[in-house]
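A.B. asks: Dropping a structure here in structure tokens format, bear with me for questions.
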């Protein structure tokens, strides 16, 4: 005789089973999981939901910093994820491991493009090495020397544009949002180097449509990453509005068209002296190099990685200088005493200005463009990180923002803008220096590091040589900004005057 179950009985049984399953899963995660020995909030250890929710709110950067302040150098951010802020962890996670597998990029964060092709950011180790061998020519010291004329041309246009705005004012001063002008400059420079033509942001005193759409996509990227943790990103794509999909397609088409236009111009482009990124790619590309689809996907990434991050760093640096009168006085004095006129400001000479370089390092420390860290996965078989053995498949990362502002790494006022900590006699501890890696480290460190320093030094030196800056918003605070993959920068209003003499 069969037992008869009503719908209500089945529903109750399902509910009881769910409660039992969740209870057992919670007990396992908190007390028996391989990561249960690491500290962190219990709700985060039980479920990925708090992490994903905080990411969607744009608060993950600051929240991770707070959790490290509460729990120490290792924090469990999710059932299978740990965050580290000590220098040894940076070495263990990101550096090359001789004879052992490296920590791979986290595929939930680094997915391929819509065409299924991986960029240099998301490619596996073998493909990444192949891409990098070719692209390294475009970022060599020789290439930077040959390319220097191009950033200088846009920096000259930046100073002329600002000078024009100030000169048109009856008060001989003008209030501008300097964040926009810094972004205009870095996007024009990198757009020209990568795509063969600038975005004309400086010329038009406005964002190009491609750049404007790009800024809106960071929130969407955070949403896709959050849903990918739960396997829900593909269903979302099926219900996205057609208008949004059309914008994404148009955005990709613009950069693809520009890349193909530059490819069709050949090794030297229209100008035999051009020497942009594509010059070197075409000059050295062979069967061991990159395919056209790989070039398309990677060059889109190069624009974002090169332009947005440099603009972010410069915004943070200038914002902190405006809040630090002594530091501003020191850097202005150094720049103006080092050059008799603006035409003398070049890459070789600005690289030798100690206070300018200290200001840049301190700005990168407090306002790292990549704040969340670069997510990695512990290789199969497990590996040691910061003296702790972790099972294969564990998600790990070293968040720059939390590392750089930790008392464990910078015991001397870690949240204070103090360029002198980078100057002799240095107050910087060995612990602090090993945990400070704004361009990451190891085989997948930032390929454009030298170009970024060149841009930041030249732009800062030229601005401070030409103009006087005064903060319009004394309440400006870098920490009051959200991060959706990258920083959503608030306006930075400054009063600008043309310098006397």
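A.B. asks: Here are some conditions: (1) modelled with pLDDT of 90 or more; (2) closer than 25 Å to residue 70 by Cβ; (3) buried (at least 18 other Cβ atoms within 10 Å of the Cβ). Residue 422 meets all but one. Which one does it not meet?
C.D. replies: Going through (1) modelled with pLDDT of 90 or more; (2) closer than 25 Å to residue 70 by Cβ; (3) buried (at least 18 other Cβ atoms within 10 Å of the Cβ) one by one, residue 422 breaks only (2).
A.B. asks: Given the criteria at pLDDT 85 or above, part of a helix (DSSP H, G or I) and crowded, with 21+ Cβ neighbours inside 10 Å, does residue 256 qualify? Outline the logic, then answer.
C.D. replies: Numbers: at pLDDT 85 or above: yes; part of a helix (DSSP H, G or I): yes; crowded, with 21+ Cβ neighbours inside 10 Å: no.
It is false that residue 256 is at pLDDT 85 or above, part of a helix (DSSP H, G or I) and crowded, with 21+ Cβ neighbours inside 10 Å.
A.B. asks: Oh, and also: Collect the residues in segment 372-385 that are under 24 Å from the mean Cα position of the chain (by Cα) and part of a loop (DSSP other than H, G, I, E, B), keeping them in residue-number order.
C.D. replies: Keep residues of segment 372-385 that are under 24 Å from the mean Cα position of the chain (by Cα), which gives 372-378, 385.
Within segment 372-385, 372, 373, 374, 375, 378 qualify.
A.B. asks: Moving to a separate point now. When segment 352-393 is examined, which residues are found to be farther than 30 Å from residue 225 by Cβ and at pLDDT below 95?
C.D. replies: Across segment 352-393, there are no qualifying residues.
A.B. asks: So which residues in segment 64-91 are in a helix (DSSP H, G or I) and farther than 22 Å from residue 440 by Cβ, if there are any at all? Let's see the steps before the verdict.
C.D. replies: In the first step, residues of segment 64-91 are kept if they are in a helix (DSSP H, G or I); the result is 64-71, 87-91.
Once the filter is applied, which keeps residues that are in a helix (DSSP H, G or I) and farther than 22 Å from residue 440 by Cβ, segment 64-91 yields 66, 69, 70, 71.
Condition check ((1) over 39 Å from the mean Cα position of the chain (by Cα); (2) at pLDDT below 95) across all residues:
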position: 9; (1), (2): yes, yes
position: 18; (1), (2): yes, yes
position: 30; (1), (2): no, yes
position: 62; (1), (2): no, no
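A.B. asks: Those residues that are in a helix (DSSP H, G or I), surrounded by fewer than 18 Cβ atoms within 10 Å (Cβ to Cβ) and either in contact with a strand residue (DSSP E or B) (Cβ under 9 Å, 6 or more places away or on another chain) or without any contact (Cβ under 8 Å) to a residue 40 or more places away in the chain (or both), I need them from segment 157-194; list them, please. Break it down into steps so the answer makes sense when it comes.
C.D. replies: Of the residues in segment 157-194, the ones in a helix (DSSP H, G or I) are 157-167, 178-194.
When the remaining residues are screened for being surrounded by fewer than 18 Cβ atoms within 10 Å (Cβ to Cβ), the result is 157, 160-161, 163-165, 167.
160, 163, 164, 165, 167 - these are the residues of segment 157-194 that are in a helix (DSSP H, G or I), surrounded by fewer than 18 Cβ atoms within 10 Å (Cβ to Cβ) and either in contact with a strand residue (DSSP E or B) (Cβ under 9 Å, 6 or more places away or on another chain) or without any contact (Cβ under 8 Å) to a residue 40 or more places away in the chain (or both).
The values are calculated or read from the model by the stated rules, or taken from the named source; none is laboratory data. Computed from a prediction, not measured in an experiment: that's the story for all the values here. Virtual Cβ from ideal backbone geometry, glycine too; neighbours counted across all protein chains shown.
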